[in-house]
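The values are calculated or read from the model by the stated rules, or taken from the named source; none is laboratory data. Source: prediction; values computed, not measured. With ideal geometry, Cβ positions are generated from the backbone for all residues, glycine too; neighbour counts draw on all protein chains shown.
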Amino acid sequence: MYLESLTIKNYRKFGNKDNKICFVQPEVIAVKTEEEDERSVVAPSTTLIIGKNNTGKTTVANALKMICNNEQPKASDFNLSYLNGLFTEYKKICDGDNPENIKELESPSLEFSLMINVDLSEEDLLTNLSQFILIDFDDSDSSVDVNIIVKIEITEEAKFKDNVAKIFKAQDNEGRKVSDRQQFDMFYELLSKESAAKLSEGNLYRVLFLDSNGNEAEKFSLKKLINIKEIKANRNLKEGVLSEVFTKIVSFQFSNDVNSKNSLEENITTMNELISEKVGPKSSEISMVLSELQSTEKVDLSLAGNVTHDSVMKGLIKYNFKDGDDYIPEDQFGLGYINLLNIIGEIIHFVDSYEDKSHYSRINLLFIEEPEAFMHPQMQELFIKRIDSAIAKTLEIANSNSDDKKTLRCQIAITTHSSHIVNSKIHSSNTFNNLNYLTSIDRCANSVNLTDESVVTADDEDSDKKLRFIKKHIKYKVSELFFSDAIVFVEGITEETLLNYYLENHSVLRHYYISVFNINGAHGKLYLPLARKLCVPSLIVTDLDIKREKCEKGIKHNKNESCDICGQRADNGVEPFVPGQKKADYVQITSLKNRKTTNSTLKDLNHRLKGISIENSDKIDDIDFFTDENLHVVFQKDPIEGQYATSLEEALILSNYDNDILNDVIKRCKPYVYESIVDEKKGGARVSLVTNSFKLQKKLSKSKSDFSNDLLFNILSSEEKDIPKLPIYLCEGLSWLENRLKDNELVITSESISKDMKGADHD
C-alpha cells in the first residue's frame, strides 16, 4: 500500500482549494544488477515538493506528523485567511439583529484527506484499514483506493461560540468598545492551547477519523498505518552532528548483531573488572578521610567501573572520516559535505531499521527537508545519484549478512527550492511526474501537480518528441520556470541580451525576479501548457514572421517556381515559362492585408483562442496580442514609421533610426551595407534606414549575436543618455507584466505584519 495524495484544508499556508499534494507509487528498491547500474532506483519512488520560500513546503510534513501523532493544533496552525473569513461572519451576525444565530455558523476546524491505494493482488493487509473500506468495490479490481478523512474540530462548540459572542461586546477600561484589531486578537486567543482550560475540561480540540461517507472510525490510530521518518533541514549544523548520526547507526547494528553484541558485553564486563581493580584501592584512602567527619555513622566510599553499552556507543568511539589518504575529524569538513554525510547517515539508519515487507501493512514515508543547505550546485545536482549509491550499498551489505534478501518499498518525499535537485529528479526519472509545485496566491498555498500530460497532452501529435525537447531544453533553466516571479520567453539572442538590460533598469520590474528564457526559435507554444499550469505570469515575445516570397527577400526564383507577387510562371509543359516582372529585392511591408505568418505559435493561438480554422490560422490581417490566463503574447502587430517589422532587430532599427548608438553598432557590424544605405559621404540621411529596415535585418541575421552584444556593450559603456528605446510592442508587453505582478503582489501593512507574526511558522 502507498499514499496517493494528501489534501490539506485550512492548515497553515493551505486554504480550501488547490490544496492536494500527490505522491508517487513506490517501486521496489533492491540491490542493482550490472544491467541496472545506469538506472536510478530512488528517483522513480521520489516525490518532489518544490517552491519558493514561504509557500508551504514544510507544512506538508508537519501536517502528516500532527495527524499521525494526534497532536493538538495551535492557533497559528489555522490558515489566516480562513480565520479572517470566519471572524467577519461572526462579527456580522453578532453586530446584527439576531446574534443568537451565531450558533448556526461553523466553528474553526482543520481537515485532512488521505487517499491510500491498497494492492489487492499482493499481500497487503487490510487490518488497519478495514473501517474505511467500502463494501461496494469490485472483487475483480487489482487495487482499491481508501479515503481517510481526518477532521480536527473544537470539542465544546457551544461554549466556544458563547465566548466568541462576548468578544463583540467587550469594552476597554474606559467603557469603549474595543477595536476590530483587538476583537480579532481575542478571537485568535480563543484558539490557543492556553485557552483550553478556560473552555474545556479536557482537550480544546477532538480528532475524528471518518470514511468517505462521513462515518466515524472507532479506536483507530493513524500512527500504526503511516511510518514517517523525517530528515529535517540542517540550517544550523551543530558540532558533532556526524558522530551523533553514526553513533545511532553503529548502536543499531550492534543491537541486531548477536555475536558482536555478546562479544562487546563480555569485554565491557572485563573492562569494569579492570577499572574496579585499579580504582578500588583508592576508595579506602578516601574512606579514611571521610571517617574523620562528625557523624553517627561511618561515611564510606566504594569505586567501581561503570562502562555500559550506551556509554561505549555515545562517548567512547572516536569517529574519523577519510579525506583522500588521510583520516580527519569531522570538524575539518565543509558544511556542505557534513550536511550530505548527515543525510546519507540518516538514510543508512532508515534502511538498516526498515522492516522487510512492512509495506504490506503500513505506509513507509521518508521525508527529506531542503537537503541543499550548504551544498554547492554540483553536489545538489548529484544528490539523487548519491542517495542511489548509498541505499544500494547499504542493501548490499545488509544482504551479505543475511539469507533473506532485503528490499525496500518506501515513498521518498523531498522538499526543495533547489533548481539543481529539481533538474536531477526530472532527468534521473525521465519524467515531470511526481512534482508538486507550490506557489502563493491570495496569501494561500497553491499546489500544482505536474505530470508529463500537463506539459504535453497525450493526444498531441509528436507528444513524445515534444516532451523530450522540453526536458532537455530546460536542463539549465529549471530555476527560471519554477522559482521566478515572472518569465519572459524570447526567441533569440538579441531579445535575451537586451531585455535583461532593460528589465534591470525598469523602475518597477527590477524589484522582481524575472527570468528571460531563450527558447531558441519559434517554439514558444511548446511551453504554453507548462507556463499556464504553473500560474507564473509569463510574457511571450515572438516575431510576426511575415511570409515573403523569394523575390521579396532579394532571392531570385528558380525557373520551376511560380509566384503571384512578381508574376513568374513556371514551364508546366502546357504554358511556356514567363519571367517575373519585378526584380528580386528586399521588399518593405507597409500593409498586412492578405499577408500570412510563418510563426507556428501565432497560428496555434489564432486557431485555439480566436477559433480561426487551421487553414486560415496563418492570416494576420487583423491580428492582435493574445492573452490566455497568466500568459500574454506580444509581437510586431503595429507599423513603426509606416513599416511592419518582422523581427526585433528590424523593430529596433525602425524605432531608433536616428539613434547614435544604434547607428554606430550597425556601421561596425555591417559597414558596407550601412554606407550603401545611408551614404554619409554624399550627405545621406539616416531616415533611409526606415525604408531599408528589412534589408538590414536580413544582413544582420547571420550576426545577431555580434549585433546584440555590441549594442549592449555600447549601451553600458556610453555616457550618453540617448539609450535606444524599446519598440512599442515590447513596452506594452512589459506594461502588462508590471500590472500582472502588481495584481498578484501582497499589500504589506502593519496589520498584515501583525497577522504574519502570529503565523510565522506557516511555511
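Here are some notes:
- If you go through segment 530-580 and keep only what is of a type in the set (Val, Ile, Thr) and either closer than 30 Å to LEU631 by Cβ or part of a loop (DSSP other than H, G, I, E, B) (or both), you end up with VAL536, ILE540, VAL541, THR542, ILE546, ILE555, ILE565, VAL574.
- Scope segment 353-372; condition buried (at least 18 other Cβ atoms within 10 Å of the Cβ) and more than 24 Å from LEU6 (Cα to Cα); matching residues: GLU372
- Search result, residues across segment 161-195 that are aliphatic (A, V, I, L, M) and either in a loop (DSSP other than H, G, I, E, B) or not assigned by TED's automatic domain parsing to the domain that holds ASN101 (or both): ALA170, VAL178, LEU191
- When the residues of segment 346-363 are filtered to those that are modelled with pLDDT of 80 or more and touching a Leu at 6+ places or on another chain (Cβ under 8 Å), the one that is nearest to LYS65 (Cα to Cα) is ILE363.
- Conditions (1) at pLDDT 90 or above; (2) assigned to a loop (DSSP other than H, G, I, E, B); (3) among the basic types (Lys, Arg): number failed by LYS91: (2)
- Total residues in segment 504-513 satisfying the condition of being under 24 Å from the mean Cα position of the chain (by Cα) and of a type outside the set (Phe, Trp, Tyr): the figure is 3.
- Residue in segment 130-143 that is in contact with a helix residue (DSSP H, G or I) (Cβ under 7 Å, 6 or more places away or on another chain), more than 19 Å from GLU4 (Cβ to Cβ), among the hydroxyl-bearing types (Ser, Thr, Tyr) and at pLDDT below 90 present: no
- Qualifying position, being at pLDDT below 75, touching a His at 6+ places or on another chain (Cβ under 9 Å) and either more than 28 Å from LEU341 (Cβ to Cβ) or small (Gly, Ala, Ser) (or both), among SER287, SER251: SER251
- Taking first residues from segment 1-16 that are of a type in the set (Asp, Glu) and partners that are in a loop (DSSP other than H, G, I, E, B), the Cβ contacts under 9 Å between residues at least 6 apart in sequence or on separate chains come to GLU4/PHE23; GLU4/GLN25.
- Screening HIS632 with (1) buried (at least 18 other Cβ atoms within 10 Å of the Cβ); (2) touching a residue at least 60 places away in the same chain (Cβ under 8 Å); (3) more than 36 Å from the chain's Cα centre (by Cα) gives one miss only, at (3).
- You will find that of ASP356, ASP388, the residue that is more than 23 Å from HIS427 (Cα to Cα), of a type outside the set (A, V, I, L, M, F, W, C), out of contact with any Phe, Trp or Tyr (no Cβ under 7 Å at 6 or more places or on another chain) and not assigned by TED's automatic domain parsing to the domain that holds LEU6 is ASP356 and no other.
Residues are listed down the side, and each one gets a yes or a no for (1) touching a strand residue (DSSP E or B) at 6+ places or on another chain (Cβ under 7 Å); (2) of a type in the set (Asp, Glu); (3) under 21 Å from THR7 (Cβ atoms); (4) modelled with pLDDT under 80:
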{"position": "ILE441", "(1), (2), (3), (4)": "no, no, yes, no"}
{"position": "CYS444", "(1), (2), (3), (4)": "yes, no, yes, no"}
{"position": "ASN449", "(1), (2), (3), (4)": "yes, no, yes, no"}
{"position": "THR457", "(1), (2), (3), (4)": "no, no, no, yes"}
{"position": "ASP460", "(1), (2), (3), (4)": "no, yes, no, yes"}
{"position": "HIS473", "(1), (2), (3), (4)": "no, no, no, yes"}
{"position": "TYR476", "(1), (2), (3), (4)": "no, no, no, yes"}
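- Where a residue in segment 572-584 is more than 15 Å from ARG548 (Cα to Cα) and modelled with pLDDT of 80 or more and its partner, wherever it lies, is in a loop (DSSP other than H, G, I, E, B) and among the acidic types (Asp, Glu), with Cβ under 9 Å and at least six apart: PHE577/ASP571; VAL578/ASP571
- Of all residues in segment 700-755, those satisfying the criterion of being part of a helix (DSSP H, G or I), at pLDDT below 90 and of a type in the set (Lys, Arg) are LYS702, LYS704, LYS742, LYS755.
- The set of residues in segment 563-606 being within 15 Å of SER647 (Cα to Cα) and surrounded by fewer than 16 Cβ atoms within 10 Å (Cβ to Cβ) consists of THR590, THR598.
- Condition broken by THR646, with the remaining ones in (1) more than 17 Å from THR590 (Cα to Cα); (2) not in a helix (DSSP H, G or I) satisfied: (1)
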